[in-house]
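A.B. asks: If you scroll down you'll find the structure; I have some questions about it.
The values are calculated or read from the model by the stated rules, or taken from the named source; none is laboratory data. These numbers were taken from a predicted model, which means no experiment stands behind them. FYI the Cβ positions are ideal-geometry reconstructions off the backbone, even for glycines, and counts take in every protein chain you see. Areas reflect the complete protein model, heavy atoms only, side chains present, ligands, DNA and RNA absent. Shrake-Rupley method; radii C 1.70, N 1.55, O 1.52, S 1.80 Å.
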Amino acid sequence: MIEMERVETNSRASTLARPKFLGQEFPSYSESQGNMLHDNLAPRLRLVTIRCLVACALAFAALPVSAMQKDARPALDRKSAADTTVPSTPAEMFKSLNLTAEQKAQFEPVEEERRAAEAGFKKLNGEDLRKAQNDFRKDRRKKIREIFTDQQWSNWTTFWNRQRTGVASKAKAQPAATPARKIDLSKNPIIQSLDNPDLIGRKGFVHVERRDGIWFMVNADGVRFVPTGMNHVGHMHRFAPYNREFWLKQFGSDVFTSSGRIDWKGPGVKRWLERIAKDHKDNGFNTLAFHHPLFMPTEYCNELELYYFGKMKMSHVNAKRAPKMSPDGKYPDVFSPAWIQKLDTYTKNYTARHKDAKYLLGYSFEDLPAYTIHHLEKRITEFEHHPWVIDIISKPGLTRGKQAWIDVLRQQYDSPAKAAEMYELSVSAEISDWDGFGEVTQWGLPKDSKQGFADQSMMNARIVEAYLKAHHDAIRRHDPNHLILGDMIQNQRPQPDWVWNIVRKYVDVIVIQDYDFFTPEHAEKLRHIHSITHKPIINGDHSYGVLRPNMKAVKGVKVESAEAKGREYATYLRGVMNLPFVVGWQTCGYLETWEGTADATGKQQTGFFDPFGNPIREALLQAKAANEQAVHWHEQAGASDNVYSKRRK
C-alpha cells in the first residue's frame with residue numbers, strides 16, 4: 001500500500017461566496033460570516049471588496065483554452081496558475097488540473113492499474129516490495145506524463161512533492177498546524193467529486209460505488225446490496241395448461257380479460273406480482289430479474305420493495321426475434337432520424353413511469369443482441385451477410401446508414417471500382433464515385449471472404465455504436481437519475497474486444513449471459529471484460545438444471561440432483577462475489593415447467609419452485625443461505641482462494 005505524509009493546516013474560512021464551475025460548487029462561507037460581512041463592513045471596504053470580486057471573476061473567465069494546441073489539451077495561463085492558491089487536498093489538486101473529457105478517459109485505466117498494484121503490494125515485503133513499488137511509480141509517472149500538458153504535469157508533481165515532504169501550501173499555511181497524518185490512497189482516491197470513477201449513477205437512487213477497490217450496488221438509502229433474482233416469472237410458466245386453473249383460484253379470474261388476454265393493469269396481475277415478491281424475499285432474493293414480461297407493471301415493485309430491471313425494447317435485434325417479430329421483418333435502421341425520433345418518444349413515455357423510482361435497478365434493452373456474425377445463434381462456417389448490415393445497406397439512396405457503409409468501403413478500398421469488384425456488383429462499370437453506391441440494393445458475396453468479414457465487422461461496429469448511443473442519449477434526456485444496463489450480452493462465446501470498447505461508452509453496468517460452473521477459466525472471461533470496460537458486471541441469466549419428473553429436457557448447466565443444483569448455485573455466487581467488479585447474479589429460473597411447455601430452446605425451464613409454487617427445498621435452502629451471505633462475501637472480494645467448482649461442463 002502506498003502511503004504519503006499529509007500536513008493539514010488551520011485556515012480561516014473564506015468570507016466570500018464561491019461560484020459554481022462545470023457543475024462543481026467551490027467551498028462556501030458560513031451564513032453568519034456572510035451576514036457579518038454585509039452588515040458591519042464600512043462602505044469603503046465593501047466597495048474595495050466588490051471591485052476585487054469583479055476583477056477576480058473577470059480574470060477567472062479569461063483563463064485561456066488554446067484552440068491552437070496540436071493535441072487539443074487545455075493550456076493554462078502561467079501567470080494565472082502562479083497566482084492561484086496551491087491545492088491542499090488530492091481532490092482540489094485534481095479539480096485544478098481542468099482535464100478534458102479525453103484526458104479523463106485516458107487517466108481512468110491508469111487509476112485502475114494503481115488500485116491493482118496496491119492490492120498486489122499487500123502480498124509483498126522487504127526488497128521485493130520496494131522494487132515493485134519503484135517499478136510501478138516509474139511506469140505510472142511515464143503514463144501520466146503522456147496524458148498531461150506541461151503545466152498540468154508541473155502542478156501534479158509540485159502537489160505530490162509537497163505532500164511527500166510535508167510542506168503545506170504557502171497560501172494556506174498557518175503558524176498552528178495540526179499533526180501530520182498519513183493518507184491511504186486506496187481509501188482516498190485521487191478522483192473524488194469531479195467525474196468520480198468510484199461512483200456511477202446518482203445518489204438517492206440505485207447506483208454503484210467502489211469502496212476499497214470493490215464495486216457494490218447501493219440503494220437509494222445508501223445501503224449496499226447484491227442484486228439476486230429468479231428469471232422467467234411470466235405467464236407461460238404460471239398459466240400453462242397443467243397449472244392455469246390452480247393459479248387463477250389464487251389470483252382471481254381478473255388476471256385475464258374477457259378476450260383471454262392478460263389484463264396488465266388489473267388487480268389480478270398485482271396479486272400475481274405480490275406472490276412473486278414474497279417468493280423472492282422469503283428466500284433471500286431481492287430483484288425482479290431481466291426476464292419478465294415486457295408489459296408487467298413493474299412500477300408496483302416500488303411498493304413491494306423489490307428491485308427490478310426496467311425493460312425498454314422498442315426494436316428487436318436478437319437474431320431469432322428480429323425477422324419474426326419486427327413489423328417489417330427486418331433489423332432497425334439505427335441511423336435513420338425517424339427511428340431515433342421514435343426511440344426518443346418511446347423512451348420519454350417509458351421513463352415517465354420510472355424516473356423517480358426508488359427500486360429501479362436500471363434500464364435494460366434486448367436479450368442476446370446479434371452484434372456480430374458469430375452471435376446469430378447458429379454456426380458460421382463460411383461468409384454470409386450479417387442480416388443487420390444487409391438490411392441497412394440494401395436500402396435505396398444515400399441514407400445515413402448507406403453513408404456509414406460507404407465510409408467503411410472508403411477506408412478498405414483504394415477506389416469505388418475496387419469495392420464494387422469485391423462484391424461483384426453488376427453495375428461496377430457505372431460506379432465512378434463513392435456516391436454511386438447509393439443506388440445499390442443488391443450486394444453479392446465478397447470474392448475474398450476474409451476481407452468481407454473485415455468489412456462487415458467494421459460496419460457492425462458502426463451499427464452497434466449508433467444503436468447504443470441513441471438509447472443512451474434518449475435515456476439521459478428523460479431520466480438523469482438511473483443506471484443504464486443496456487442489452488444482456490451473450491458471453492458463452494466471447495465477444496470481440498471492439499464490442500466491449502463500444503459498450504463501455506454507453507452503459508453503466510455490463511449485463512451478460514454466461515452459463516458455466518465457476519471455474520478459473522470462467523473467472524478469467526469476466527476479468528477480460530472488466531479489463532476493457534472498467535465497468536461493474538452482472539451475470540443476468542445463468543442456471544443449473546436438473547431433470548425432474550414431468551420433464552423431457554431441461555435448460556441450464558446439467559447437474560444430477562436438486563441438491564447439486566443448490567450447491568452449485570452457492571458455489572457460483574460465492575465465486576463471483578470474490579471478484580471485486582461483479583456486483584450481482586440472477587439465476588434461471590423461478591417456476592419449473594413441465595412437458596407440454598417449452599421455450600425457444602425446446603426445453604423445459606429449471607426452477608426453484610414446482611409449477612404449483614411448492615419450493616424445491618433441496619435446492620432452495622442452499623440458495624437462500626448463499627443469498628444471505630452475498631454482501632459479506634463481496635466485502636471480502638479477492639481474499640478467498642478456494643472458491644472454484646470441481647465440476648466442468
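A.B. asks: Is there a residue in region 211-232 that is open to solvent by less than 50 Å² (accessible area, probe 1.4 Å), among the acidic types (Asp, Glu), at pLDDT 60 or above and out of contact with any Lys or Arg (no Cβ under 6 Å at 6 or more places or on another chain)?
C.D. replies: From region 211-232, those open to solvent by less than 50 Å² (accessible area, probe 1.4 Å) are 213-220, 222, 225-232; that's our starting set.
Among the residues that remain, those that are also among the acidic types (Asp, Glu) are: none.
There is no residue in region 211-232 that is open to solvent by less than 50 Å² (accessible area, probe 1.4 Å), among the acidic types (Asp, Glu), at pLDDT 60 or above and out of contact with any Lys or Arg (no Cβ under 6 Å at 6 or more places or on another chain).
A.B. asks: Would you mind stating whether residue 307 is surrounded by 15 or more Cβ atoms within 10 Å (Cβ to Cβ), touching a Ser or Thr at 6+ places or on another chain (Cβ under 7 Å) and modelled with pLDDT of 95 or more?
C.D. replies: On the way: surrounded by 15 or more Cβ atoms within 10 Å (Cβ to Cβ): yes; touching a Ser or Thr at 6+ places or on another chain (Cβ under 7 Å): yes; modelled with pLDDT of 95 or more: yes.
Answer is yes for this residue.
A.B. asks: Can you name every residue in region 252-275 that is among the charged types (D, E, K, R), surrounded by 13 or more Cβ atoms within 10 Å (Cβ to Cβ) and under 38 Å from the mean Cα position of the chain (by Cα)?
C.D. replies: 263, 270, 271, 274, 275
Yes/no matrix, rows are residues, columns are (1) at pLDDT 95 or above; (2) more than 20 Å from residue 218 (Cβ to Cβ); (3) in contact with a strand residue (DSSP E or B) (Cβ under 6 Å, 6 or more places away or on another chain); (4) in a strand (DSSP E or B):
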| position | (1), (2), (3), (4) |
| --- | --- |
| 470 | yes, yes, no, no |
| 499 | yes, yes, no, no |
| 502 | yes, yes, no, no |
| 511 | yes, no, yes, yes |
| 517 | yes, yes, no, no |
| 527 | yes, yes, no, no |
| 541 | yes, yes, yes, yes |
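A.B. asks: Please state which of the following conditions residue 285 fails to meet, knowing it meets all the rest: (1) in contact with a Cys (Cβ under 9 Å, 6 or more places away or on another chain); (2) over 29 Å from residue 474 (Cα atoms).
C.D. replies: With (1) in contact with a Cys (Cβ under 9 Å, 6 or more places away or on another chain); (2) over 29 Å from residue 474 (Cα atoms) applied to residue 285, the lone miss is (1).
A.B. asks: On to the next question. So, in region 254-268, how many residues would count as being assigned to a loop (DSSP other than H, G, I, E, B) and touching a residue at least 12 places away in the same chain (Cβ under 8 Å)? Lay out the reasoning, then the answer.
C.D. replies: Our first condition is that a residue be assigned to a loop (DSSP other than H, G, I, E, B); within region 254-268, this holds for 257-261, 263-266.
Those left that are additionally touching a residue at least 12 places away in the same chain (Cβ under 8 Å): 264-266.
Selection size over region 254-268: 3.
A.B. asks: Could I ask something else about it? When the residues of region 560-597 are filtered to those that are open to solvent by 10 Å² or more (accessible area, probe 1.4 Å) and modelled with pLDDT under 95, which remaining residue is nearest to residue 113 (Cα to Cα)?
C.D. replies: 597
A.B. asks: What tally of residues in region 277-327 results from selecting those that are among the acidic types (Asp, Glu), more than 24 Å from the chain's Cα centre (by Cα) and assigned to a loop (DSSP other than H, G, I, E, B)?
C.D. replies: Just the residues of region 277-327 that are among the acidic types (Asp, Glu), to begin with: 279, 282, 299, 303, 305.
From what's left, more than 24 Å from the chain's Cα centre (by Cα): 279, 282, 303.
Next, only the ones that are assigned to a loop (DSSP other than H, G, I, E, B) stay: 282.
Residues that pass the stated criteria total 1.
A.B. asks: Could you list, in sequence order, the residues of region 201-210 that are open to solvent by less than 20 Å² (accessible area, probe 1.4 Å) and assigned to a strand (DSSP E or B)?
C.D. replies: Filtering region 201-210 down to residues open to solvent by less than 20 Å² (accessible area, probe 1.4 Å) leaves 206-208.
Listed by number, the residues that qualify are 207, 208.
A.B. asks: Out of 368, 360, which single residue is touching an Asp or Glu at 6+ places or on another chain (Cβ under 8 Å), within 26 Å of residue 541 (Cα to Cα), surrounded by 14 or more Cβ atoms within 10 Å (Cβ to Cβ) and not basic (Lys, Arg)?
C.D. replies: Details: 360 fails: touching an Asp or Glu at 6+ places or on another chain (Cβ under 8 Å).
The conditions single out 368.
A.B. asks: Listed residues 451, 411; which is modelled with pLDDT of 95 or more, over 24 Å from residue 333 (Cβ atoms) and either in a helix (DSSP H, G or I) or aromatic (Phe, Trp, Tyr) (or both)?
C.D. replies: 451
A.B. asks: Would region 337-346 turn up any residue that is touching a Phe, Trp or Tyr at 6+ places or on another chain (Cβ under 8 Å) and surrounded by fewer than 21 Cβ atoms within 10 Å (Cβ to Cβ)?
C.D. replies: The initial filter retains those residues of region 337-346 that are touching a Phe, Trp or Tyr at 6+ places or on another chain (Cβ under 8 Å), namely none.
The answer is no, given that none of the residues of region 337-346 is touching a Phe, Trp or Tyr at 6+ places or on another chain (Cβ under 8 Å) and surrounded by fewer than 21 Cβ atoms within 10 Å (Cβ to Cβ).
A.B. asks: Just to be sure, is residue 548 basic (Lys, Arg), surrounded by 17 or more Cβ atoms within 10 Å (Cβ to Cβ), modelled with pLDDT of 95 or more and under 30 Å from residue 115 (Cα atoms)?
C.D. replies: Working: basic (Lys, Arg): yes; surrounded by 17 or more Cβ atoms within 10 Å (Cβ to Cβ): yes; modelled with pLDDT of 95 or more: yes; under 30 Å from residue 115 (Cα atoms): no.
Judged against the criteria, residue 548 is not a match.
A.B. asks: Among the residues of region 143-185, what is the count of those that are at pLDDT 70 or above, outside any helix (DSSP H, G or I) and touching an Asp or Glu at 6+ places or on another chain (Cβ under 9 Å)?
C.D. replies: Count: 1.
A.B. asks: Of all residues in region 478-510, how many are basic (Lys, Arg) and open to solvent by less than 30 Å² (accessible area, probe 1.4 Å)?
C.D. replies: Going residue by residue through region 478-510, those that are basic (Lys, Arg) are 493, 504-505.
Keeping just the survivors that are open to solvent by less than 30 Å² (accessible area, probe 1.4 Å) gives none.
Within region 478-510, residues that are basic (Lys, Arg) and open to solvent by less than 30 Å² (accessible area, probe 1.4 Å) number 0.
A.B. asks: Can you say whether residue 333 is farther than 21 Å from residue 291 by Cβ and part of a loop (DSSP other than H, G, I, E, B), as far as the supplied structure shows? So that I can check it myself, show each step before the final result.
C.D. replies: Details: farther than 21 Å from residue 291 by Cβ: yes; part of a loop (DSSP other than H, G, I, E, B): yes.
The answer is yes for residue 333.
A.B. asks: Can we say residue 249 is within 30 Å of residue 623 (Cβ to Cβ), out of contact with any helix residue (DSSP H, G or I) (no Cβ under 8 Å at 6 or more places or on another chain), at pLDDT 95 or above and exposed (fewer than 14 other Cβ atoms within 10 Å of the Cβ)?
C.D. replies: On the way: within 30 Å of residue 623 (Cβ to Cβ): yes; out of contact with any helix residue (DSSP H, G or I) (no Cβ under 8 Å at 6 or more places or on another chain): yes; at pLDDT 95 or above: yes; exposed (fewer than 14 other Cβ atoms within 10 Å of the Cβ): yes.
Judged against the criteria, residue 249 is a match.
A.B. asks: Filter region 387-436 down to the residues that are under 37 Å from the mean Cα position of the chain (by Cα), open to solvent by less than 20 Å² (accessible area, probe 1.4 Å) and among the hydrophobic types (A, V, I, L, M, F, W, C) and list them by number.
C.D. replies: Residues satisfying the conditions are 388, 389, 392, 393, 404, 405, 406, 408, 409.
A.B. asks: Also, quick follow-up: Any residue in region 602-617 that is hydroxyl-bearing (Ser, Thr, Tyr) and surrounded by fewer than 23 Cβ atoms within 10 Å (Cβ to Cβ)? So that I can check it myself, show each step before the final result.
C.D. replies: Here is the first cut: in region 602-617, the residues hydroxyl-bearing (Ser, Thr, Tyr) are 606.
Adding the requirement that they be surrounded by fewer than 23 Cβ atoms within 10 Å (Cβ to Cβ) leaves none.
Looking through region 602-617, none of the residues is hydroxyl-bearing (Ser, Thr, Tyr) and surrounded by fewer than 23 Cβ atoms within 10 Å (Cβ to Cβ).
A.B. asks: Restricting the search to region 619-649, which residues are outside any helix (DSSP H, G or I), touching a Pro at 6+ places or on another chain (Cβ under 9 Å) and open to solvent by 40 Å² or more (accessible area, probe 1.4 Å)? Can you show your working first?
C.D. replies: Quick first cut of region 619-649, residues outside any helix (DSSP H, G or I) only: 636-649.
With the extra rule that they be touching a Pro at 6+ places or on another chain (Cβ under 9 Å), the set shrinks to 637-638, 644.
Result: 638, 644.
A.B. asks: Still on this structure, I have one more. Of all residues in region 586-638, count the ones that are of a type in the set (D, E, K, R) and within 22 Å of residue 367 (Cα to Cα).
C.D. replies: Qualifying residue count, region 586-638: 3.
A.B. asks: Just name the residue that is modelled with the lowest pLDDT out of those in region 113-142 that are surrounded by 15 or more Cβ atoms within 10 Å (Cβ to Cβ) and closer than 21 Å to residue 95 by Cα.
C.D. replies: Of everything passing the filter in region 113-142, 115 is modelled with the lowest pLDDT.
A.B. asks: Also, quick follow-up: Return the residues of region 564-581 that are without any contact (Cβ under 8 Å) to a residue 60 or more places away in the chain and in contact with a Ser or Thr (Cβ under 8 Å, 6 or more places away or on another chain); say none if nothing qualifies. Lay out the reasoning, then the answer.
C.D. replies: Filtering region 564-581 down to residues without any contact (Cβ under 8 Å) to a residue 60 or more places away in the chain leaves 564-567, 569-570, 576, 579.
Listed by number, the residues that qualify are 565, 569.
A.B. asks: Restricting to region 371-384, name every residue that is on the phi < 0 side of the Ramachandran plot, in a loop (DSSP other than H, G, I, E, B) and open to solvent by 40 Å² or more (accessible area, probe 1.4 Å).
C.D. replies: Taking region 371-384 first, the residues on the phi < 0 side of the Ramachandran plot are 371-376, 378-384.
Narrowing further to those that are in a loop (DSSP other than H, G, I, E, B): 371-372, 376, 378-384.
Within region 371-384, 378, 379, 381, 382, 384 qualify.
A.B. asks: Where the second residue is among the aromatic types (Phe, Trp, Tyr) and not in a loop (DSSP other than H, G, I, E, B) and the first is open to solvent by less than 10 Å² (accessible area, probe 1.4 Å) and lies in region 511-522, which pairs have Cβ atoms under 6 Å and are six or more apart or on separate chains?
C.D. replies: 518/572
A.B. asks: Let me ask something additional. Among the residues of region 143-161, how many are surrounded by 15 or more Cβ atoms within 10 Å (Cβ to Cβ) and either acidic (Asp, Glu) or free of Cβ contacts under 8 Å to residues at least 24 places away in the same chain (or both)?
C.D. replies: 1
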